[in-house]
Amino acid sequence: MLQIAKIKENSEGIAQRLDLRGINGKERVAKILSIDEKRRAVQHKKEELLAQMNQLSAAIGDLFKAGKREEADLKKAETAAIKESIKLAEGEYKQVENELTDLLNDTPNAPHSSVQPGQSEKDNVEVFSWGEIPDLGTKAKPHWEIASEAALIDFELGVKITGAGFPVYTGVGAKLQRALINFFLNEAGASGYTEVQVPIMVNEDSAYATGQLPDKEGQMYHAAVDDFYMIPTAEVPVTNIFRDTILKEEELPKKLTGYTPCFRREAGSYGKDVRGLNRLHQFDKVEIVQVVHPDKSYDVLDEMVEHVKVLMEKLELPYRILLLCGGDMGFTSAKTFDFEVWSAAQKRWLEVSSVSCFESYQSNRLKCRFKNKETGKNELVHTLNGSALALPRIVAALLENNQLDGNRIHIPKALQPYLGMEEIVY
RNA sequence: GGAGAAAUGGCAGAGCGGUCGAAUGCGUUAGUCUUGAAAACUAAAGAUGUGCAAGCAUCCGGGGGUUCGAAUCCCUCUUUCUCCGCCA
């Protein structure tokens with residue numbers, strides 16, 4: 001969540017940044033500040049009473065030790081009224097505090113000033129593109145046909161076992177998954193990321209800390225008996241490694257990568273969006289996460305974008321990068337670049353990666369700080385993450401863009417050693 | 001799953017109703033000594049909130065209770081350890 005101190009320090013700037021999302025920043029900021037002011041007043045009142053009580057208790061203790069029993073009993077009688085006031089003040093404080101927390105939970109991150117205002121994906125800005133868009137003519141098959149004919153993926157079998165959106169990968173199809181995961185992990189390792197393997201169910205605290213709760217409650221699968229959530233992305237468990245920690249400045253940056261399956265309920269999706277591999281309930285993804293010094297976060301964002309660019313280019317897939325507009329960004333993000341791959345048979349762009357800087361929005365909830373060497377104070381770190389990469393749409397693009405005459409699929413050179421073949425022939 | 005024990009500062013570990021934000025040891029940082037290092041000696045150092053500050057408040061696994069007063073007593077949840085059972 002946003003830091004009150006930062007809002008106080010620069011309320012106009014934060015308000016303007018919130019405007020980029022299409023919400024009334026000025027109004028929101030004013031409301032937060034007014035509730036916070038109320039909170040501090042109530043806190044002061046409450047602590048005053050507590051201090052009184054502490055003094056009285058100490059005095060009573062002294063009297064008892066001095067053997068002045070009667071005087072002590074007299075003072076004891078005084079405490080009842082204060083106790084009552086404390087109870088009231090504490091109740092009031094809790095109420096104001098909850099009000100403030102609810103409001104902050106309901107307030108998205110303030111976009112970086114370089115983010116464009118806008119309402120929806122229509123307002124996103126293409127900032128980079130690479131590769132040639134292949135023209136396969138009219139005989140191009142969509143990936144679901146290829147996957148079926150080549151026996152790579154069995155969607156119907158997944159429906160039987162679980163339901164729609166839970167495909168079964170078979171034979172070379174399964175091996176291709178494993179090849180991509182290994183390729184992505186190795187590339188991340190070469191870029192200095194430490195590999196971790198983390199739980200794919202998380203508790204409520206973790207889901208809250210990275211911002212999935214309360215904002216996206218309905219998008220996660222929830223194991224109600226144990227109150228665990230199936231992760232929608234490795235971002236959740238990996239970032240939560242740093243929950244409640246104070247790092248040394250020289251430990252930064254922390255660079256982690258992890259492969260996990262991801263689970264999304266995708267309530268409300270329909271039509272061509274969910275065809276084949278376009279949108280699944282369970283899919284595989286390699287994530288990169290960085291925890292960095294606040295001064296470095298936007299350099300690191302560029303560095304992470306660069307990492308993903310290299311992946312796309314090694315996979316020989318045409319892609320473009322969009323700078324998301326304020327209205328299309330995730331709730332917790334301050335700046336997000338989306339990568340989209342060209343799907344040659346569907347003739348449309350598919351999102352395969354989202355690289356975001358969260359500034360201190362996540363770390364404030366995580367309570368992840370570092371000791372600033374100059375000031376000696378603990379400050380919130382900045383967190384970033386990105387997909388590097390999500391598998392299904394990469395597979396879709398690989399199958400569609402690389403289809404050759406004679407039922408063959410060309411495998412990009414970088415992937416060949418992982419898959420152990422230059423072409424898939426079927 | 002059953003029975004028992006435990007959870008305290010970076011780590012180990014004392015405290016079991018007031019003088020405890022908390023002994024002691026290790027570790028950390030700074031200094032003295034030394035050409036330098038080690039050793040020895042001296043000193044410093046928790047977190048959060050609030051306040052210009054002095055200070056005040058809160059924090060001894062989480063939540064609740066008893067009491068004028070709780071790290072210490074009670075309830076409850078979670079976690080860890082030991083033993084038994086089950087098991088990839």
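The values are calculated or read from the model by the stated rules, or taken from the named source; none is laboratory data. Treat the numbers as computed from the prediction; the structure is a model and nothing was measured. Heads up, the Cβs are rebuilt from the backbone with ideal geometry, glycines too, and the neighbour counts pull from every protein chain shown. Calculation scope for accessible area: heavy atoms of the full protein, side chains included, ligands and nucleic acids excluded. Shrake-Rupley method; radii C 1.70, N 1.55, O 1.52, S 1.80 Å.
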* Asked: To the nearest 0.05, how large is the calculated FRET efficiency for A:SER269 and A:LYS76 if R₀ is 56 Å and r is the Cβ-Cβ distance?
  -> 0.30
* Subset of A:LYS175/A:LYS413; A:LYS6/A:LYS377; A:LYS272/A:LYS413 violating a 21 Å alpha-carbon distance limit -> A:LYS272/A:LYS413
* Structure fact -> Computed ³J(HN,Hα) along segment A:69-74: with the Karplus parameters 6.51/-1.76/1.60, θ = phi - 60°, integer Hz and x for glycine or proline, the list is 4, 5, 4, 4, 4, 4
* In degrees, nearest ten, helix A:391-401 long axis to first principal axis of chain A (Cα) -> 20 degrees
* Asked: If you put +1 on each Lys and Arg Cβ and -1 on each Asp and Glu Cβ, how big is the dipole of segment A:306-426 around its Cα centre, in Debye rounded to 20?
  -> 600 debye
* Selected from A:VAL172, A:PHE183, A:PHE228, residue furthest toward positive end of dipole (chain A; charges at beta carbon) -> A:PHE228
* To do: Please identify, among A:LEU391, A:LEU63, A:LEU103, the residue showing maximal mean-square fluctuation in a Gaussian network model of chain A using a 10 angstrom Cα cutoff.
  => A:LEU63
* Rounded if a/c is under 1.5, else prolate if a/b is larger than b/c, else oblate: which is segment A:309-383, with a ≥ b ≥ c the root eigenvalues of its Cα gyration tensor? -> prolate
* At 0.36 nm per residue, minus the direct Cα-Cα distance, what do A:ASN105 and A:LYS373 gain on full extension? Give it in nm, one decimal, please. => 93.4 nm
* Using the Cα centre as the reference, give the magnitude of the dipole from point charges on the C-beta atoms of segment A:121-425 (Lys, Arg: +1; Asp, Glu: -1; all else neutral), rounded to the nearest 20 debye. => 280 debye
* **Ellipsoid semi-axes in whole angstrom, largest first, where each is sqrt(5λ) of the Cα gyration tensor of chain A** => 52, 23, 20
* Give, rounded to the nearest 20 debye, the magnitude of the charge dipole that segment A:4-105 has about its Cα centre when Lys and Arg contribute +1 at Cβ and Asp and Glu contribute -1 at Cβ. => 180 debye
* Using alpha carbon centroids, what distance separates segment A:111-179 and segment A:1-42, in Å? -> 40 Å
* Asked: In a GNM of chain A with a 10 Å cut-off on Cα contacts, which of A:VAL29, A:VAL308, A:VAL286 has the highest mean-square fluctuation?
  -> A:VAL29
* Given the alpha-carbon gyration tensor of segment A:53-122, what are the semi-axes of its equivalent ellipsoid in whole angstrom, ordered largest first, with each equal to the square root of 5 times an eigenvalue? -> 55, 13, 5
* Asked: What do you reckon, how do A:TYR221, A:TYR319 stack up by accessible area (1.4 Å probe), largest on top?
  -> A:TYR221, A:TYR319
* **Neighbour cut-off at most 13 other Cβ (10 Å), DSSP loop, trypsin sites (Lys or Arg not before Pro), segment A:361-426** => A:LYS373, A:LYS377
* Structure fact -> In this structure, the FRET efficiency calculated for A:ASN182 and A:GLU47 from their beta-carbon separation, with R0 = 51 Å, to the nearest 0.05, is 0.35
* Given a 1.4 Å probe, how much area per residue of chain A is accessible, in Å²? -> 49 Å²
* To do: Pop out the carbon and sulfur fraction of the accessible area of chain A as a percent, whole number, probe 1.4 Å.
  => 49 percent
* Structure fact -> If R0 = 22 Å, then A:VAL159 and A:ALA223, at their Cβ-Cβ distance, give a FRET efficiency to the nearest 0.05 of 0.50
* **Most mobile listed residue (A:ALA80, A:ALA89, A:ALA267) in chain A, GNM with C-alpha springs under 10 Å** => A:ALA80
* **Gained length - A:THR194 relative to A:ALA58, 0.36 nm times residue gap less alpha-carbon distance** => 43.6 nm
* Per q in 0.11, 0.13, 0.20 1/Å, what log10 I(q)/I(0) does a Debye calculation on the alpha-carbon atoms of segment A:261-326 return? -> -0.43, -0.60, -1.12
* Please determine, in degrees from 0 to 90 and to the nearest 10, the orientation of helix A:297-314 with respect to the longest principal axis defined by the Cα atoms of chain A, where the helix direction is its Cα long axis. => 20 degrees
* To do: Please give the per residue volume of the convex hull enclosing the alpha carbon atoms of segment A:4-105, rounded to a whole number of Å³.
  => 90 Å³
* Asked: Which of A:PRO142, A:PHE337, A:GLN52 sits farthest toward the positive end of the charge dipole of chain A, with +1 on the Cβ of Lys and Arg and -1 on the Cβ of Asp and Glu?
  -> A:GLN52
* Asked: Which residues make up the longest stretch of chain A clear of GluC sites (Glu not before Pro) that lie in a DSSP loop with no more than 11 other Cβ atoms within 10 Å, not counting the sites?
  -> A:133-373
